[in-house]
Number of protein chains: 2
Amino acid sequence: MNDEIQKILVLGSGAIGCFYGARLAKAGLEVSFVVRSDFEAVAQGGIHIHSYEGDFHITPAQVVARPEDYQGQADLVLVATKVLAEIDLPGLLAPLVHPKLKVLLVQNGIEIEAPLAAAYPGLPILSAIAFVGVGRTGPGQVHHQLKGNLEVGAYPGGFGPELDQVMACLLKTGLEVKRSEDICLSRWKKLIWNGAFNPVSVLTQANTEQMLQNPRTEALLRKIMFEVVALARAKGYDLEDRLVEQNLSVTYKMPPYKTSMLLDFEAHRHLETEAILGNPLKIARSLQVPVPHLETLAALLELLAQVKKP
Amino acid sequence: MNDEIQKILVLGSGAIGCFYGARLAKAGLEVSFVVRSDFEAVAQGGIHIHSYEGDFHITPAQVVARPEDYQGQADLVLVATKVLAEIDLPGLLAPLVHPKLKVLLVQNGIEIEAPLAAAYPGLPILSAIAFVGVGRTGPGQVHHQLKGNLEVGAYPGGFGPELDQVMACLLKTGLEVKRSEDICLSRWKKLIWNGAFNPVSVLTQANTEQMLQNPRTEALLRKIMFEVVALARAKGYDLEDRLVEQNLSVTYKMPPYKTSMLLDFEAHRHLETEAILGNPLKIARSLQVPVPHLETLAALLELLAQVKKP
């Protein structure tokens, strides 16, 4: 089993990176972290997970401030940074790339794999969507409230040995991990909800219930979702119209809920506008698909984030 | 000169109502005010105008809390309330209507005259757009910073003796008053700017300079303006495309400026969403003109105002 994943380097020490990294460490893997702003705290105190399933603490194999400081070769780099225009992921990965490296992106949005694929043509890229309720409560401190399911696929699609290896590694955590044959399609499906509820929640400062109870806003959410569906179809992903009603009805059944983007906004953190809206808009432009609602949201959100920047 | 306007009742004691009412009183007319929340202060202390042209103070002929408390017959009711769904203007005017009454609306938005015209078929309705920089600084206290020009027309259009009488009355103030043959067209022209900059400024909390400097937002403003132009044309008002660039270039030349709607929002006051966006959307629906940008703004703004309601 030469190709078994043993050494993992986690990039990004937000809630997602800390949570999955800690679960992998707890499962016996050798997990290290690249930690920027929280370096001192994590280097000294490790990572604490306060979970509804029981609290635990892990001590990383290595804690480094920059990827180039990592000692040895990682089998897998787990990328859990935000998707922001100012983060140069190919550049960050440069010191870590070797012939047997695999990269797993646990991030939001669509087409987020493209820059990496373009920079490193032979690099196996795995891509995952996280269904989890976690929040950062302090440096290296995470509150885990809900699930931890992952949907994982190979980029740009299909199956292969690298996907099997990463699946095997992730399954050691005991979390539910689903294999996706077309993770890009899954990302588009998730964008139906994210592209509508996330931006609208920030611009209106409303929770899901407030958004759905206002008839004008509910109609707007529906229109945004249909734009995403139409855009995905133009791009060749066969999303069905009924997904719109499905997403709405699921949300109607949820307790009132603040989106992650609204939480980021309220905490003056960066918003993932580009992954959620910017990339779809680029595709819309190149395919000449009209997306006036998405376009309006993107312009408003970008300026609001600029004006409110601390 | 039986038809000369002598007695004026001002409805609405915000900055606009106080300013024009006070200027008319200063010009020798008998001006009374209907004042709701500021009743005590205005009844006791009158109205104070702090102006770049010189401060002055007036004592109203009457200060009443409700229109039905007004003694006598007004020649002119000057309406300067906000245009809000919850203000029933025909109902407010009911105790004041008599065969010689004229009404002058100094308000924002389009189609704001329609409810009054429907309720009182014979009533002469004059309609004015104010180009003025005034702000309420306290009960009966107004800060006058810029101009005071009015554009006045008869509703729904044309000229007539009532317009002449109101013009003659307004000109006594010494302010610049322009006669408009088609005030509805003028309102649509003003909506090009208001429909774009006002909603976008609230949703992004940005001033005019910040809105124009962000390329995505600048592009959005342009698209909103073209939607207004297209809608006006569908309604039969011949607005030219070049008005869009004209509105932008005027704004580029202005010093950075917070829109009145953003000031209202920051002060937790009601927003005139219906006059600025709601009425255009109704027209768009009835004429089946697509206005996705306006629609998005209206839905976002309505919910934001709801969520932020004090």
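The values are calculated or read from the model by the stated rules, or taken from the named source; none is laboratory data. What you see is a predicted model, and the numbers here were worked out from it, not measured in a lab. Cβ sites come from the backbone with ideal geometry, for glycine too, and all protein chains shown count toward neighbours. Each accessible area value is taken on the protein alone, full model and side chains, heavy atoms only, with ligands, DNA and RNA left out. Shrake-Rupley method; radii C 1.70, N 1.55, O 1.52, S 1.80 Å.
Could you tell me the calculated FRET efficiency between B:LEU146 and A:ILE87, based on Cβ-Cβ distance and R0 = 56 angstrom, to the nearest 0.05? Write down the numbers at each step before the final one.
On the way: r = 45 Å, r/R0 = 0.81.
The value I calculate is 0.80.
Magnitude of the charge dipole for the range A:185-307, about its Cα centre and with charges confined to Cβ atoms of Lys, Arg (+1) and Asp, Glu (-1), is about 220 debye. For chain B, a simple Cβ point-charge model (Lys and Arg +1, Asp and Glu -1, everything else neutral) yields a dipole of about 460 debye relative to the Cα centre.
From the Cα gyration tensor of the range B:1-95, with a ≥ b ≥ c the square roots of its eigenvalues, which class applies: rounded if a/c is under 1.5, or else prolate if a/b is larger than b/c, or else oblate? Display every interim value, and only then the final one.
Values: a/c = 1.59, a/b = 1.18, b/c = 1.35.
Judged from the Cα gyration tensor, the range B:1-95 comes out oblate (a/c at least 1.5, b/c at or above a/b).
Only protein heavy atoms count here; under a 1.4 Å probe, A:GLU162 has an accessible surface of about 70 Å².
Quickly rank B:209-219, B:192-202, B:299-309, B:232-242 as a protection proxy: mean count of other C-beta atoms within 10 Å, highest first. Intermediate results must be reported in sequence, preceding the final value.
Working: B:209-219: 17.5, B:192-202: 25.3, B:299-309: 19.7, B:232-242: 14.6.
Highest to lowest by the protection proxy: B:192-202, B:299-309, B:209-219, B:232-242.
Divided by 2.2 N^0.38 Å, where N counts the residues, the Cα radius of gyration of the range A:185-307 comes to 0.99. Looking at the protein assembly as shown, what % of the alpha carbon pairs are farther apart than 34 Å? Result: 52 percent of Cα pairs exceed 34 Å.
Over chain A, what per residue volume does the convex hull of the Cα atoms give, in whole Å³?
On the way: hull volume 39.8 nm³, N = 310.
Dividing the Cα hull volume of chain A by its residue count gives 128 Å³.
Rounded if a/c is under 1.5, else prolate if a/b is larger than b/c, else oblate: which is the range A:120-197, with a ≥ b ≥ c the root eigenvalues of its Cα gyration tensor? Spell out each step's value before the answer.
On the way: a/c = 1.92, a/b = 1.33, b/c = 1.44.
Cα axes put the range A:120-197 in the oblate bin.
Quick one: go through the range A:14-31 and flag any residue whose amide nitrogen is under 19 Å from the point 7 Å out along the Cα-to-Cβ line of A:HIS57. In the range A:14-31, the label zone of A:HIS57 (backbone N under 19 Å from the point 7 Å along Cα→Cβ) covers A:18-28, A:31. Peptide B:213-220 has a mean of 6 when you count, residue by residue, the C-beta atoms of other protein chains within 10 Å of its C-beta. Legend: residues in the range B:270-302 shielded by at least 20 square angstrom of accessible surface upon adding the remaining protein chains to the isolated chain (1.4 Å probe, heavy atoms) are B:PRO292, B:HIS293, B:GLU295, B:THR296, B:ALA299, B:LEU300, B:GLU302.
To test your reading of the geometry: what angle, between 0 and 90 degrees and rounded to tens, separates the Cα axis of helix A:15-26 from the longest principal axis of chain A? Between the helix axis and the principal axis of chain A, the angle is about 30 degrees.
If the segment from B:HIS268 to B:THR137 were pulled out straight at 0.36 nm per residue, it would be longer than the present Cα-Cα gap by 45.7 nm.
Ordering A:LEU123, A:THR173, A:VAL152 by the projection of their Cα atoms onto the charge dipole of the range A:7-181, which places +1 on the Cβ of Lys and Arg and -1 on the Cβ of Asp and Glu, puts A:THR173 at the extreme positive end. Accessible area buried by the pairing of B and A, both sides summed with a 1.4 Å probe, works out to roughly 2600 Å². Comparing B:THR59, B:LEU248, B:LEU93 along the charge dipole axis of chain B, the residue lying farthest to the positive side is B:LEU248, per the Cβ-charge model. Calculated mean residue ellipticity, 222 nm, the protein assembly as shown: -13000 deg cm²/dmol, from DSSP H runs (n ≥ 4) at -39500 (n - 2.57) each, averaged per residue and rounded to 500. Probing with 1.4 Å while keeping every protein chain in the model, the per residue accessible area of chain B equals 43 Å².
With the simple spin-label model, which puts each label point 7 Å out from Cα in the Cβ direction, the A:ALA94 to B:GLN306 separation comes to 5.0 nm.
Look at the Cα gyration tensor of the range B:115-273: its axes a ≥ b ≥ c give a/c of at least 1.5 with a/b at or below b/c, and that counts as oblate.
Of the DSSP beta bridges with both residues in chain B, give the percent that are antiparallel, rounding to the nearest 5.
Working: 15 of 41 bridges.
The antiparallel proportion sits near 35 percent.
The residues B:HIS268, A:HIS98, B:HIS50, B:HIS144, sorted by heavy-atom accessible surface at 1.4 Å with ligands and nucleic acids left out, run B:HIS268, B:HIS50, A:HIS98, B:HIS144 from largest to smallest.
Which pairs break 32 Å Cα to Cα here: B:LYS100/B:LYS258; A:LYS309/B:LYS178; B:LYS100/B:LYS178? Write down the numbers at each step before the final one.
Details: B:LYS100/B:LYS258 40 Å; A:LYS309/B:LYS178 43 Å; B:LYS100/B:LYS178 24 Å.
Beyond 32 Å: B:LYS100/B:LYS258; A:LYS309/B:LYS178.
Where the only charges are on Cβ atoms (+1 Lys, Arg; -1 Asp, Glu), what is the dipole of the range B:7-181 about its Cα centre, to the nearest 20 debye?
Details: 13 positive and 17 negative charges, 51 e Å.
Using only the charged Cβ atoms, the result is roughly 240 debye.
A convex hull fitted around the alpha carbon atoms of the range B:235-289 yields 96 Å³ per residue.
Could you please tell me the mean projected area of the C-alpha convex hull for the range B:87-157, averaged over all directions and given in square nanometres to one decimal? If you can, show how the numbers build up before the last one.
On the way: hull surface 23.5 nm².
Mean orientational projected area (the range B:87-157, Cα hull): 5.9 nm².
Whole-Hz Karplus values for the range B:92-107 come out as 5, 7, 3, x, 9, 6, 8, x, 9, 5, 10, 10, 10, 9, 10, 9 Hz, taken residue by residue from phi with 6.51 cos²θ - 1.76 cosθ + 1.60 and θ = phi - 60°; glycine and proline positions read x.
Just need log10 I(q)/I(0) for the range A:7-181 at q = 0.08, 0.15, 0.20 Å⁻¹, Debye formula, equal scatterers on the alpha-carbon atoms, no solvent, rounded to two decimals. Reported log10 I(q)/I(0), two decimals: -0.21, -0.79, -1.50. Cα-based values for the range A:58-100, radius of gyration first and Dmax second, are 11.3, 31 Å.
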